[in-house]
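One structure below.
The values are calculated or read from the model by the stated rules, or taken from the named source; none is laboratory data. What you see is a predicted model, and the numbers here were worked out from it, not measured in a lab. Neighbour counts are summed over all protein chains in view; Cβ atoms, including those assigned to glycine, are modelled from backbone coordinates with ideal geometry. The protein model used for the area step is the full one, side chains on, heavy atoms only, and it has no ligands, DNA or RNA in it. Shrake-Rupley method; radii C 1.70, N 1.55, O 1.52, S 1.80 Å.
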Amino acid sequence: MAPQYAPSLRSRLGPILLFLQIGFIVIFAFYIEIDNEQIDKNKFSNLYPEFQDVNVMVFLSFGFLYSFFVRYGFSGSGFNFLVAIMATQWAILLNGIESWYSRGKIRVNLRSLVVAELCASSALISIGAMVGKTNPVHLILIALLEVSGFVLNQWLLQTLLKVQLLNSIMMLHIFGSFFGLMLTLILHRTESEQQFEKEKFDRKTGLFSMLGTLLLWMFWPSFNSILVDDRGRKLGVVFCTYLALAVSAVTAAAVSVLSSPKGKLNLIHVQSCVFAGGVAIGLSMSVVHEPWQAMTIGFTAAVVSTIGFRYLKIHMLLAFHSHDTFAVLSTHGLPGLLGWLAHLLLQIKDSDDHTTAIRFAVFHICSLLITISLSLSMGIITGLLLKWNFWRPQQDKKCFDDQAFWEVGDRNESFNKKTLTSIRR
């Protein structure tokens, strides 16, 4: 029996995108101004290359990574691009609310754009859990609500607990993974308990996805260090991030072979777990001062991530009906929690005053509880909203299929040939 056509999004996707984009234009016209007074040529020239590195990660690396499935290449890369653009614009506005409240205008500079893209990357992590099972309208709504929750989380951490900007932003791995995990629980599909019919990959798509992984791996030091102002400290962050990434890549390959019944490397393990060290060091870099500490964190993160990917993903599906497409819990969540724990232990170790150490531990634990609670709450709200059939979700058989949303394949070619033939006649 031939599969049914996916519901048309003509009356949903187009109007929503136009409404949002026109709304952004109007708001930017009245309330956004470029901060020309604080432009420093040296700072700009130093920051711009790193901004381009983050740009590559957000738009290119995640796009290639999500084009892993045979019939989902257009959607994996195209929807990632669309979502990242919308989420970045939305994050610029949300991050500028405090400036608007005090000055009547939102003043932006290159650093504002960097922070906005980092916020957008948290949404891309969440979407990794839902890749292939949602339509583009769902993805836009997920991005807007997730970024809203993440910016709120930043504000709570910085206001209530006096957490530094860099440390609050690096919670994006934990926030994004738990937000995505909650979405998978609420938006469960029955066919995911076996495997979706088109949830497959081949050598070509695996190679493109591996390219995305390599780009992420290469530019991760810039991702972690871009908001570090002190040059000496920035060098330390870059060096420690590189060492953690290097160790995690080697360890992920070793654990993949050891955990395989056939003793072979698993491409999915390598792709998903080689940057576990970069995730973990991002949450602990403010207290990591020695290379061996970074290498130890990278080693532990890779072991936890690879084992979690092999065993935790299937158990989450069987026990909780949570189909985590790209295993963001193992890729970002567990390494993020490990980095949070490393930050706690190293800070207590370096503290000479017991009262200060206890105070830091309480605040640090509270920051984690706030982040997880808010991410789960926002995930529940978003999931319940997306369950509404008004958004026209595709059928199970049209999951992981570009044809549900894109003009692809022989149908286009035959249409073009018929058009040319009619014109010639």
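Residues in the range 258-277 that are over 14 Å from THR306 (Cα atoms) and touching a residue at least 12 places away in the same chain (Cβ under 8 Å): 0 in all. Only one of the numbered conditions (1) surrounded by 13 or more Cβ atoms within 10 Å (Cβ to Cβ); (2) within 26 Å of the chain's Cα centre (by Cα) is violated by ILE365, and that is (1). On the basis of being open to solvent by 10 Å² or more (accessible area, probe 1.4 Å), out of contact with any Lys or Arg (no Cβ under 6 Å at 6 or more places or on another chain) and within 22 Å of LEU312 (Cβ to Cβ), does LEU187 make the cut? The answer is yes for LEU187. Among residues that are open to solvent by 70 Å² or more (accessible area, probe 1.4 Å), within 18 Å of MET130 (Cβ to Cβ) and at pLDDT 80 or above, LEU384 is included. Can you say whether VAL114 is β-branched (Val, Ile, Thr), open to solvent by less than 10 Å² (accessible area, probe 1.4 Å) and under 20 Å from VAL54 (Cβ atoms), as far as the supplied structure shows? So VAL114 passes the test. Filtered by the rule that a residue be in contact with a helix residue (DSSP H, G or I) (Cβ under 8 Å, 6 or more places away or on another chain), modelled with pLDDT of 75 or more and part of a loop (DSSP other than H, G, I, E, B), the range 402-425 gives PHE405, TRP406, VAL408.
So that you can scan it fast, the table gives a plain yes or no per residue for (1) out of contact with any Gly (no Cβ under 8 Å at 6 or more places or on another chain); (2) open to solvent by 30 Å² or more (accessible area, probe 1.4 Å); (3) closer than 24 Å to TRP388 by Cα:
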{"residue": "ILE85", "(1), (2), (3)": "yes, yes, no"}
{"residue": "SER102", "(1), (2), (3)": "yes, yes, no"}
{"residue": "ILE142", "(1), (2), (3)": "yes, no, yes"}
{"residue": "MET170", "(1), (2), (3)": "no, no, no"}
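A residue that is surrounded by fewer than 23 Cβ atoms within 10 Å (Cβ to Cβ), at pLDDT 95 or above and within 21 Å of GLY149 (Cβ to Cβ) cannot be found anywhere in the range 313-336. Checking ILE174 against (1) touching a helix residue (DSSP H, G or I) at 6+ places or on another chain (Cβ under 7 Å); (2) open to solvent by 10 Å² or more (accessible area, probe 1.4 Å): exactly one of these is not met. Which one? The single condition ILE174 does not satisfy is (2).
Looking across the range 44-81, the residues that are touching a Phe, Trp or Tyr at 6+ places or on another chain (Cβ under 8 Å) and under 20 Å from PRO221 (Cβ atoms) come down to ASP53, VAL54, VAL56, MET57, PHE59, SER61, PHE64, LEU65.
When PHE68 is tested against (1) among the hydrophobic types (A, V, I, L, M, F, W, C); (2) open to solvent by 40 Å² or more (accessible area, probe 1.4 Å); (3) closer than 27 Å to PHE208 by Cβ; (4) modelled with pLDDT under 90, only condition (2) is not met. Would you confirm whether or not the range 148-157 contains a residue that is of a type in the set (Val, Ile, Thr), touching a Gly at 6+ places or on another chain (Cβ under 6 Å), crowded, with 18+ Cβ neighbours inside 10 Å and at pLDDT 95 or above? No, that holds for no residue.
Scan the range 198-228 for residues that are open to solvent by 30 Å² or more (accessible area, probe 1.4 Å) and within 30 Å of VAL288 (Cβ to Cβ) and the total you get is 6.
Could you please give the count of residues in the range 127-139 that are more than 14 Å from the chain's Cα centre (by Cα) and at negative phi?
As a first pass, look at the range 127-139 and keep what is more than 14 Å from the chain's Cα centre (by Cα): 132-138.
Narrowing further to those that are at negative phi: 133-138.
Count: 6.
Filtered by the rule that a residue be among the small types (Gly, Ala, Ser) and either assigned to a helix (DSSP H, G or I) or closer than 20 Å to PHE390 by Cα (or both), the range 118-140 gives ALA120, SER121, SER122, ALA123, SER126, GLY128, GLY132. Against the test of being surrounded by 20 or more Cβ atoms within 10 Å (Cβ to Cβ) and either among the charged types (D, E, K, R) or touching a residue at least 40 places away in the same chain (Cβ under 8 Å) (or both), the options GLY308, GLY298 yield a single qualifying residue, GLY298.
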